[in-house]
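Student: Before I ask anything, let me first share the structure, which is written out below as structure tokens.
Where a number appears in this text, it was derived from the coordinates with a stated rule and is not lab data. Please read all numbers here as calculations on a predicted model, not as lab measurements. Here the Cβ positions follow ideal geometry from the backbone for every residue, glycine too, while neighbour counts run over all protein chains shown.
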Amino acid sequence: MAPERLNIPHTAFHTAKLKALHNNITPSPKSFASELLGLLTRKTKLERKYHSKKIKDSYSQALPNHVHAALKKWALVTQETMASPLDFNPSYSHYWGADSRDALFGAHFNSFSSQFTGFSVCHLIYNEQTMNLSLRHAIYSAILSTEATATSMFLPSWNGSMITNPYSSLLTAFPHLCHKLGTIPANEIAYASPQSWINQETPLPQASWCLHIIAVWNTAARLYLDKHNPTWLQNLACDIPEANWQLNNIASHPVSNARHAETALGLKKFEKLHRQNANYQVLPQTCFG
């Protein structure tokens, strides 16, 4: 693990212990070192489940710090819905991990066990089923939430066109809840350096895909952001200059002037969405970064 990173899980481990978060974990933790080894072992096992190199690599492809800083400052993000004690961003108030023992490092367990609420960022492993399930969860969370709820999702596009992506049908079905804010081209993607590795550090390959920035939000979140800072998106674009932003299109996004239409349409489509989710077995949250 990178020396500068090691202090973050170490601090999180001891902070969680002081908050008595270790008390209900079985078996009881022996030491920070043993639990850190357990984290690395679990990550390796998860990577080995997949044959696709894109999926394996995505376990180590975390968003860079300046993206998190910009989201926190301008999009009011306070939590990571899918992360790992190995690479979560410590500037956020909350994060959700993939394993129940992640609670030893202050993580909540399993993002899918409850609605997304508030302002979150979601950058998950590049597995099609996981991306679909996560986007679905963000959509019905935005529909059902009685408070401002917005999830900033970073989703890869293998062939450039949104139409060819496995999650495109959901974006098309819920345009009043999903808005593409911008796209980071393949040649501009620069993930954070890997924070952990086994034996020796292996540099990440340059991305051959672009990365879409999708806002999944309800009207309350959109109105809250605009009221808090009318130029929040322009400021976000300035602080993440590698992305191509759609600043001119956001004013016409349906949620601006169709609050009641959004609710009615969203709830009607949610009935179908909910049935589809009911057919899914909730997977272990194998999502990092």
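Student: Which ordering of 48, 5 is given by a fewest-first count of other beta-carbon atoms within 10 Å?
Tutor: By the 10 Å Cβ count, ascending, the order reads 48, 5.
Student: Quick one: if the Förster radius is 22 Å, what FRET efficiency do residue 11 and residue 208 give, using the C-beta to C-beta distance and rounding to 0.05?
Tutor: Efficiency for this residue pair is about 0.05.
Student: What is the extension gain from residue 172 to residue 23, computed as 0.36 nm multiplied by their sequence separation minus the C-alpha to C-alpha distance, in nm to one decimal?
Tutor: Stretched fully, the residue 172-residue 23 segment lengthens by 49.1 nm.
Student: Next question. Within the stretch 22-49, whose backbone N sits under 13 Å from a point 7 Å along Cα→Cβ of residue 109?
Tutor: Those under the cut-off are 22-29.
Student: Any chance you could run the full-extension gain for residue 247 through residue 34? It's 0.36 nm times the residue separation minus the Cα-Cα distance, nm to one decimal.
Tutor: Contour length minus Cα-Cα distance gives 71.9 nm.
Student: May I ask which of 17/43; 73/180; 30/54; 45/73; 19/53; 54/180 have a Cα-Cα span longer than 28 Å here?
Tutor: Violating the 28 Å Cα-Cα cut-off are 30/54; 45/73; 19/53.
Student: Count the net charge of all other residues whose Cβ sits under 13 Å from the Cβ of residue 245, scoring Lys and Arg as +1 and Asp and Glu as -1.
Tutor: Here the charged neighbours net out to -2.
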